[in-house]
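Report on the structure given below.
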Amino acid sequence: MTRTSTEKKEFMPEFVDSTVKEIDSRLRQLKDEVARLQAARAALTGARRGPGRPPGSRSSTTSRRRARRGGRRPGRPRGRRGGNTRANQALELVRNRPGITIPQIAESLKIEPNYLYRVMPKLVSDGSVKRDGQGWHPA
């Protein structure tokens, strides 16, 4: 049975729509399967599954060691400062030197620039700074 040109024109959109739906369905199945396989692999190898350490993953010896130390707040590593210190320092540099670049900020703070590529977008979302080309300016 051969189709006329009109039938072919009507058939193609239906074929495309149904094929796209089948592909989407299969992709959902594969994503679910990938998640299950990653979870199984992590359980077998004891590997972490994402950024950061999962809650409750500290060993009991670490907790005991921390309990013996006195004079510090629990759960706060030695030498760490309060929140947003680098962000505040970077913001101050941007205010003092509009147009400063991330490598220049890193050099001034004596840190690696890759850290600032995480800090600066947070300052943008806070409305503190804006980017103009490679340079950063106060908002």
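The values are calculated or read from the model by the stated rules, or taken from the named source; none is laboratory data. What you see is a predicted model, and the numbers here were worked out from it, not measured in a lab. Counting neighbours? That spans all protein chains shown, and the Cβs are built from the backbone with ideal geometry, glycine included. The protein model used for the area step is the full one, side chains on, heavy atoms only, and it has no ligands, DNA or RNA in it. Shrake-Rupley method; radii C 1.70, N 1.55, O 1.52, S 1.80 Å.
Among the residues of segment 91-108, those that are out of contact with any strand residue (DSSP E or B) (no Cβ under 6 Å at 6 or more places or on another chain) and of a type in the set (Gly, Ala, Ser) comprise Ala106, Ser108.
Criterion first (at pLDDT below 60, open to solvent by 60 Å² or more (accessible area, probe 1.4 Å) and within 30 Å of His137 (Cα to Cα)) does Arg80 satisfy it? It is true that Arg80 is at pLDDT below 60, open to solvent by 60 Å² or more (accessible area, probe 1.4 Å) and within 30 Å of His137 (Cα to Cα).
Restricting the search to segment 105-127, which residues are within 14 Å of Arg86 (Cα to Cα) and among the polar types (S, T, N, Q)? Within segment 105-127, Ser108, Asn114 qualify.
For Ala106, indicate whether it is open to solvent by less than 50 Å² (accessible area, probe 1.4 Å), at pLDDT below 90 and either among the hydroxyl-bearing types (Ser, Thr, Tyr) or within 26 Å of His137 (Cβ to Cβ) (or both). Give the derivation first.
Values: open to solvent by less than 50 Å² (accessible area, probe 1.4 Å): yes; at pLDDT below 90: no; either among the hydroxyl-bearing types (Ser, Thr, Tyr) or within 26 Å of His137 (Cβ to Cβ) (or both): yes.
When the stated conditions are applied, Ala106 does not pass them.
Checking each residue in segment 109-139 for being open to solvent by less than 90 Å² (accessible area, probe 1.4 Å) and part of a loop (DSSP other than H, G, I, E, B) picks out Ile111, Gly127, Ser128, Gly133, Ala139.
Restricting the search to segment 16-60, which residues are at pLDDT 65 or above and open to solvent by 100 Å² or more (accessible area, probe 1.4 Å)? Passing the criteria: Lys21, Glu22, Arg26, Arg28, Lys31, Arg36, Leu37, Gln38, Arg41, Leu44.
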